[in-house]
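These notes concern the structure reproduced below.
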Amino acid sequence: MEISQVKLVPVLLFILLNSVWCTTSNSISESFLQCFSSHIPSNSSSKIIITKNSSAYYPVLQFSIQNLRFFNTPTPKPEVIITPFKHSHVQAAVICSKKEGIQIRTRSGGHDYEGLSYVSIAPFILIDLFELRSIDIDIENEIAWVESGATLGELYYAIAQKSKVHGFPAGTCPTVGVGGHISGGGYGTLFRKYGMAADNVLDAKIVDVNGRVLDRKSMGEELFWAIRGGGGASFGVILSWKLRLVPVPPTVTTYVESKTMEQGATELVSKCQAIADWMPEGYFLRVVLGVTNGTNGGKTIQVELSFLFLETYEELLPWMKENFPELNLDRTAFTEMSWIQSILYSADYSINDTEVLLNRSQQSRSFFKGKLDYVTEPISEAGMEGLYQIMFQLDTSTVILTPFGGIMSEISESEIPFPHRKGNLYEIQYFVSWDDDKESEKDVSWTRRAYGYMAPYVSQSPRGAYLNCRDLDLGINKDANTSYAEASIWGLSYFKNNFRRLAQVKTVVDPGNFFFNEQSIPVLRSGKMKCQQQLDVSL
């Protein structure tokens, strides 16, 4: 879409907007308002611009904050919130932010582990995409166009309204925003069968640093490669995605079983590690470790196995009998359902209430911190025992194992920026949530302690990490001039050898590093022209 060519702002409009603009000595913010207002029709400005003295400011800001660590008063707040409902509004926000030298943050679902989609130390404008949420499903061609402000739940619901035998391989939390999830990689219960969400992107539309709307053809293959797992916020504002829908059987099967250490949980974890990456690709397993009360009055570890099989009970039973004969394999322990019901099941919703997927906010919110590793060799029982001892130090601690393998081992590390493919048995996440801000220091310290202990047992050189479980403990960009070498401290963990290619793309498409945050892709400060000659980017 083209930006409205409104050349002059009526005096009365300017007075009106200025009266609702939060009184500030920051002339840059005031200049942004004037610039932005000149690029949009006068009758739509009140719907798009939300200032600090507006009654809607805090409800809109807080609505998509999923981590209460970034909810309280000291957390830096945006100078103004822009809620675009047309692509031209995003273009105007980018053009004017760049012109006035003020940072932007872009938010779709607000699930960023470290809040970078809506927090910045420097004065900033928040572009909240929740009004850009249209979804167009084309079952005949097995594709969907979805705008970045839609949630995964809304996407899944829209697919299910058109087909009972199609799905999309993305995450299990319905309130996660499509924009950030896909741009960071994105995976859930179908990823061993069909790869990541970003592996199934066919096209995209993005607003670049010059305010242009580009699709795959006009942005070029290098930028299209970068935004599928490299984090869209480093390169522009992604408006929408064209997705490849995938086939799912009419009936899938779920199974959940829990064991404590006294019931053989330690041996069960060892078995799960051994079979992690060679299960049939249509099988998904999540192993959740938590602290519970033991039979002797003390604490024990409970292990919960949660399976999703893209098969019926009769089809999966022989494999389960061979590999998990110690579990309850009676038919009553398994639940057959449709794929969309399995989404509800994974999110702890009633499997008969698909409408709940349209809720954009989580049922409950908490303070939380997560850290993540990739495991390439099974961890010994002694090694796991040490982790259990650390878990006993905090009753609310959780450790989650998610096996890889399947098609994930067949896709090249450089196919998209997400590199953690062949050779990884499973992902392991150390996670804790709490309800009282006074507990924050203690609980965050626990994740760091668990992470430190696990160093000898996980991937090395670099120690892997995942952008969609962002972790600022890995390192940050001190400012927009942070060098590639400095940023490599955290960047190689997320992207391995793909990090330099991401920096080369960044250098071409955003040489001034306008799209900057604490873990944005850096600009290469030398060899810029060489990069421009090598990359296929339409400028």
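The condition of being more than 22 Å from residue 500 (Cβ to Cβ), without any contact (Cβ under 8 Å) to a residue 40 or more places away in the chain and among the hydroxyl-bearing types (Ser, Thr, Tyr) holds for only one of 445, 433, that being 445. When we screen 329, 425 for residues that are modelled with pLDDT of 95 or more, assigned by the TED database to the domain that holds residue 273, of a type in the set (A, V, I, L, M, F, W, C) and out of contact with any Ser or Thr (no Cβ under 9 Å at 6 or more places or on another chain), the only hit is 329. A residue that is among the basic types (Lys, Arg), crowded, with 21+ Cβ neighbours inside 10 Å and more than 26 Å from residue 410 (Cβ to Cβ) cannot be found anywhere in segment 187-203. Within the bounds of segment 433-451, is there any residue that is open to solvent by less than 20 Å² (accessible area, probe 1.4 Å) and part of a strand (DSSP E or B)? Checked segment 433-451: at least one residue is open to solvent by less than 20 Å² (accessible area, probe 1.4 Å) and part of a strand (DSSP E or B).
Residue by residue, here is whether (1) surrounded by fewer than 16 Cβ atoms within 10 Å (Cβ to Cβ); (2) touching a helix residue (DSSP H, G or I) at 6+ places or on another chain (Cβ under 8 Å) holds:
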site: 361; (1), (2): yes, yes
site: 366; (1), (2): yes, yes
site: 370; (1), (2): no, yes
site: 373; (1), (2): no, yes
site: 380; (1), (2): yes, no
site: 391; (1), (2): no, yes
site: 401; (1), (2): no, yes
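Given the condition outside any helix (DSSP H, G or I), closer than 25 Å to residue 219 by Cβ and not hydrophobic (A, V, I, L, M, F, W, C), answer yes or no: does some residue in segment 461-473 qualify? There is at least one residue in segment 461-473 that is outside any helix (DSSP H, G or I), closer than 25 Å to residue 219 by Cβ and not hydrophobic (A, V, I, L, M, F, W, C). Can you work out which of the residues in segment 219-233 that are crowded, with 24+ Cβ neighbours inside 10 Å, touching a helix residue (DSSP H, G or I) at 6+ places or on another chain (Cβ under 7 Å) and of a type outside the set (D, E, K, R) is farthest from residue 469 (Cα to Cα)? Filtering segment 219-233 for residues that are crowded, with 24+ Cβ neighbours inside 10 Å, touching a helix residue (DSSP H, G or I) at 6+ places or on another chain (Cβ under 7 Å) and of a type outside the set (D, E, K, R), the one farthest from residue 469 (Cα to Cα) comes out as 223. Taking residues in segment 485-496 that are of a type in the set (Val, Ile, Thr), and partners anywhere that are modelled with pLDDT of 95 or more, the pairs with Cβ atoms closer than 8 Å and at least 6 places apart or on different chains are 489/474; 489/475. Would you confirm whether any residue within segment 484-492 is among the aliphatic types (A, V, I, L, M), in contact with a Pro (Cβ under 7 Å, 6 or more places away or on another chain) and buried (at least 17 other Cβ atoms within 10 Å of the Cβ)? Yes, the conditions are met somewhere in segment 484-492. Here segment 276-334 is the region considered, the condition is being of a type in the set (Ser, Thr, Tyr) and open to solvent by less than 20 Å² (accessible area, probe 1.4 Å), and the residue that is farthest from the chain's Cα centre (by Cα) is 300. Of the residues in segment 317-331, not one is closer than 30 Å to residue 154 by Cα and either assigned to a strand (DSSP E or B) or not aromatic (Phe, Trp, Tyr) (or both). Selection of segment 105-137 for residues being more than 17 Å from the chain's Cα centre (by Cα), outside any loop (DSSP other than H, G, I, E, B) and either within 26 Å of residue 431 (Cβ to Cβ) or without any contact (Cβ under 8 Å) to a residue 24 or more places away in the chain (or both) yields 135, 136.
Rundown of residues vs (1) under 30 Å from the mean Cα position of the chain (by Cα); (2) surrounded by fewer than 15 Cβ atoms within 10 Å (Cβ to Cβ); (3) farther than 19 Å from residue 104 by Cα; (4) modelled with pLDDT of 90 or more, yes/no style:
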site	(1), (2), (3), (4)
23	no, yes, yes, no
32	yes, no, no, yes
35	no, no, no, yes
49	yes, no, no, yes
53	no, yes, yes, no
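The values are calculated or read from the model by the stated rules, or taken from the named source; none is laboratory data. The model shown is predicted, which means the values in this text are computed figures rather than measured ones. Note that we place each Cβ from the backbone using ideal geometry, even for glycine, and neighbour counts take in every protein chain shown. Keep in mind that these areas ignore ligands, DNA and RNA; they rest on the heavy atoms of the full protein, side chains included. Shrake-Rupley method; radii C 1.70, N 1.55, O 1.52, S 1.80 Å.
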